[in-house]
Amino acid sequence: MSSVSDISVKTIDHQEKQLSEYLGKVLLIVNVASYCGFTSQYRGLEEIYQKYQAQGLRVLAFPCNDYGRQEPDSNEKIAQFCSTKYGVSFELFDKVHAKGAEQHPLYQRLTTSVNPTGDVGWNFEKFLVSKRGEVVARFKSSVAPDAPELIAAIEQELAKAS
């Protein structure tokens with residue numbers, strides 16, 4: 001299994017962050033957009049974050065403008081939108097490319113580490129990462145945050161020892 005722990009990302013306020021800081025936590029990594037048919041999933045993502053945060057779940061949201069140009073806003077405007085419209089308290093990161101020539105190294109790793117491999121299909125695709133930093137599951141955009149298969153996978157990873 002491939003690990004994402006050696007990858008560096010930028011927070012929404014442009015600070016460098018190593019994903020190794022999350023070792024021991026289960027990560028749900030999602031490419032997000034403010035003007036997408038799936039944007040209401042922010043609400044469900046926040047709900048599962050609130051429910052499982054104390055057990056070690058972290059939701060990491062990466063704004064992305066690759067799909068239908070549905071995230072054209074600045075980081076500041078994205079953060080404000082997420083906070084005021086959906087009460088998002090999980091971490092937001094700098095806008096990334098999830099596909100194409102400028103694909104972020106994180107998405108290079110995510111899209112080649114677990115089946116089905118290949119480009120992210122659309123906004124709100126979800127990747128589950130184990131406490132060891134290994135990519136363990138991938139869920140299409142149409143899989144809602146409260147979908148039984150996603151919840152079961154999260155609970156299974158949370159139950160494992162670090």
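What follows draws every value from the coordinates through simple rules; no lab data is involved. Computed from a predicted model, the values in this text were never measured in an experiment. All Cβ positions, even for glycine, are placed from backbone atoms using ideal geometry, and neighbour counts span all protein chains on display.
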Return yes or no: is Leu92 assigned to a strand (DSSP E or B) and under 21 Å from Arg43 (Cβ atoms)? yes
Return yes or no: is Ala101 in a loop (DSSP other than H, G, I, E, B) and not charged (D, E, K, R)? yes
Return the residues of segment 6-35 that are hydroxyl-bearing (Ser, Thr, Tyr), surrounded by 15 or more Cβ atoms within 10 Å (Cβ to Cβ) and either closer than 21 Å to Glu157 by Cα or without any contact (Cβ under 8 Å) to a residue 12 or more places away in the chain (or both); say none if nothing qualifies. Tyr22
Please go through segment 110-135 and pick out each residue that is buried (at least 19 other Cβ atoms within 10 Å of the Cβ) and not in a loop (DSSP other than H, G, I, E, B). Leu110, Thr111, Lys126, Phe127, Leu128, Val129, Val135
Which listed residue is of a type in the set (Lys, Arg) and surrounded by fewer than 17 Cβ atoms within 10 Å (Cβ to Cβ), from Lys99, Lys95, Lys51: Lys51
The number of residues in segment 136-154 that are in a helix (DSSP H, G or I) and either exposed (fewer than 14 other Cβ atoms within 10 Å of the Cβ) or small (Gly, Ala, Ser) (or both) is 4
